[in-house]
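Below: one structure, written as structure tokens.
The values are calculated or read from the model by the stated rules, or taken from the named source; none is laboratory data. Here the structure is a predicted model, which means the values were calculated and not measured. We place every Cβ from the backbone using ideal geometry, glycine too, and count neighbours over all the protein chains shown. Heavy atoms of the whole protein, side chains included, go into the accessibility calculation; ligands, DNA and RNA do not. Shrake-Rupley method; radii C 1.70, N 1.55, O 1.52, S 1.80 Å.
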Amino acid sequence: MSIMPMPTATPPDVSTFDRLESRVRSYSRSMPRLFTKAEGSWMEDAQGGRYLDFLSGCSSLNYGHNHPVLKQALLDYIAADGVTHSLDLHTEAKEEFLAELDKTILKPRGLSYRAMFTGPTGTNAVEAALKLARKVTGRQNVIAFTNGFHGMTLGALACTGNAGKRGGAGVPLSHVSHEPFDGYFGPDVDTADLLEQRLSDPSSGLDKPAAILIESVQGEGGLNVASTPWLRKIADLAKRHGALLILDDIQAGCGRTGNFFSFEEAGIKPDIVTLAKSLSGMGLPFALTLIKPELDQWKPGEHNGTFRGNNHAFITAAAAIRHFWRDDKFASEVKAKGDFLAERLAEIAAPYGDEFRLKGRGMMRGIDVGSGDLADRITSAAFARGLIVETSGPHDEVVKILAPLTISREELATGLDLLEQCVTAAMSRPYSAAAE
Ligand SMILES: *Cc1c(COP(=O)(O)O)cnc(C)c1O
């Protein structure tokens with residue numbers, strides 16, 4: 001099979017969606033095609049167009065689309081009439097997942113957590129984490145960070161920075177202090193020291209926090225990376241000030257930065273970890289809040305939900321852990337691909353000097369091109385060439401690469417060559433709104 005994308009030039013008739021689906025839809029606006037199939041790093045449309053996927057469901061498809069091992073495990077389970085829905089009853093599928101998670105992921109990393117299955121979205125895992133932190137500490141305030149993204153339900157949204165997203169709430173979003181993330185004031189200001197100072201000053205006006213909620217790489221916020229020393233300082237000050245450290249690893253976890261958890265390099269052990277997106281391995285809805293055992297102070301049913309424990313996702317998640325994380329091979333492949341990605345992005349950005357900035361870590365990288373308009377021209381040109389790639393950041397100014405971690409070196413190189421052509425084209429042409 002060719003590894004060159006072959007996009008469909010003319011958009012299909014999408015009037016059904018215009019007529020019947022809510023205006024709230026977003027990704028489909030910049031990629032108006034009718035998708036029918038997906039395999040590995042590729043998506044296909046109804047007209048036979050082939051697209052290389054550098055978005056991967058916003059890092060929900062770290063192992064690519066329909067990975068054969070995961071697909072077969074699910075097909076076998078369904079064919080044998082395995083339980084599909086079971087509220088939070090004990091099932092064999094759940095037992096298999098819990099045992100595999102403990103044996104292959106947690107134990108070897110010296111981690112001990114209870115697994116809390118929340119509703120199947122990331123935002124619900126964050127809601128559960130916030131509720132638990134407030135319950136355990138008896139405090140209300142939570143510290144979140146500038147450019148953080150934690151989900152769209154009210155508690156998680158209150159911790160999210162983006163004004164456009166917050167605006168949808170319709171009510172005040174309260175009980176959260178937004179503190180400057182690592183590097184927010186440039187390289188010379190250590191924002192962990194600023195936070196320490198404010199928390200230590202009884203007259204600073206900053207209420208004692210129940211939790212400090214953090215992403216070690218901010219996915220939606222523009223691929224801002226928290227350095228290891230900074231993360232360690234935050235973990236340490238959380239402990240000293242009686243706050244729980246909640247690490248939101250929904251986007252950066254499940255191998256995206258090279259290790260299973262994004263915080264492994266920093267050597268910290270968060271009190272609570274949230275996972276979702278790629279946890280099922282196949283893009284099935286599935287979220288998890290990991291809790292240090294002594295913090296598991298829930299009353300039965302105190303955070304409830306109909307869909308807590310998606311058995312199909314237990315099967316594929318267990319299969320993914322078994323297949324990819326049994327040894328270090330996959331992690332070292334991801335790290336090598338991440339290095340290659342970093343090199344190529346540096347080459348692509350080099351001609352533009354200080355106008356462009358490299359962002360991110362591992363296989364979660366991008367280029368800050370300085371403006372949302374320019375980033376949009378680049379990603380639109382990419383889609384016209386059959387490359388699916390999106391933006392992030394406060395002004396959507398970061399072209400963000402989230403290729404499947406399973407992508408071949410050839411596919412990755414092909415996509416980056418295409419991206420380079422799009423950057424060159426966008427930079428050489430005088431700006432016109434009608435571009436592409
Ligand atoms: C996507 C995301 C969420 C929210 O997950 P949903 O499944 O969309 O609710 C929360 N935190 C981070 C870091 C995310 O990237």
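Brief remarks on what is shown
- Taking the range 13-44 as the range and being within 29 Å of Lys71 (Cα to Cα), of a type in the set (S, T, N, Q) and assigned to a loop (DSSP other than H, G, I, E, B) as the test, the residues that pass are Ser26, Ser41.
- Pairs where the first residue, in the range 319-346, is over 16 Å from Ser262 (Cβ atoms) and the second is among the polar types (S, T, N, Q) and open to solvent by 80 Å² or more (accessible area, probe 1.4 Å), C-beta under 9 Å, 6+ apart: Ala319/Gln72
- Of the criteria (1) under 30 Å from Thr104 (Cβ atoms); (2) surrounded by 21 or more Cβ atoms within 10 Å (Cβ to Cβ), which one Phe356 fails: (1)
- Summed over the range 389-431, the residues that are hydroxyl-bearing (Ser, Thr, Tyr), closer than 17 Å to Met43 by Cβ and in contact with a Lys or Arg (Cβ under 9 Å, 6 or more places away or on another chain) give a count of 0.
- Scan of the range 6-30 for residues that are modelled with pLDDT under 95, surrounded by 12 or more Cβ atoms within 10 Å (Cβ to Cβ) and aliphatic (A, V, I, L, M), ordered by number: Val14
- For the range 200-235, the candidate set comprises residues that are out of contact with any Leu (no Cβ under 6 Å at 6 or more places or on another chain) and part of a helix (DSSP H, G or I); within that set, the residue that is farthest from the ligand (Cβ to nearest atom) is Ser200.
- Only one of Phe307, Phe340 that is modelled with pLDDT of 95 or more and assigned to a loop (DSSP other than H, G, I, E, B): Phe307
- Summed over the range 44-65, the residues that are closer than 16 Å to Ser408 by Cβ, more than 16 Å from the ligand (Cβ to nearest atom) and open to solvent by 10 Å² or more (accessible area, probe 1.4 Å) give a count of 2.
- Leu87 vs. criteria out of contact with any Gly (no Cβ under 6 Å at 6 or more places or on another chain) and closer than 24 Å to Thr274 by Cα: yes
- Scan of the range 280-295 for residues that are part of a helix (DSSP H, G or I) and open to solvent by 10 Å² or more (accessible area, probe 1.4 Å), ordered by number: Pro293, Glu294, Leu295
- The residues of the range 238-257 that are within 12 Å of the ligand (Cβ to nearest atom), touching a residue at least 60 places away in the same chain (Cβ under 8 Å) and aliphatic (A, V, I, L, M), listed by number, are Ile246, Ile250, Ala252.
- Every condition in (1) touching a residue at least 24 places away in the same chain (Cβ under 8 Å); (2) more than 16 Å from the ligand (Cβ to nearest atom) is met by Glu294 except one, and the failing one is (1).
- Checking each residue in the range 258-274 for being open to solvent by less than 10 Å² (accessible area, probe 1.4 Å) and either part of a loop (DSSP other than H, G, I, E, B) or within 10 Å of the ligand (Cβ to nearest atom) (or both) picks out Gly258, Phe260, Phe261, Ser262, Phe263, Ala266, Pro270, Thr274.
- Test result for Asp327, farther than 20 Å from Ala375 by Cα, among the acidic types (Asp, Glu), modelled with pLDDT of 95 or more and not in a helix (DSSP H, G or I): yes
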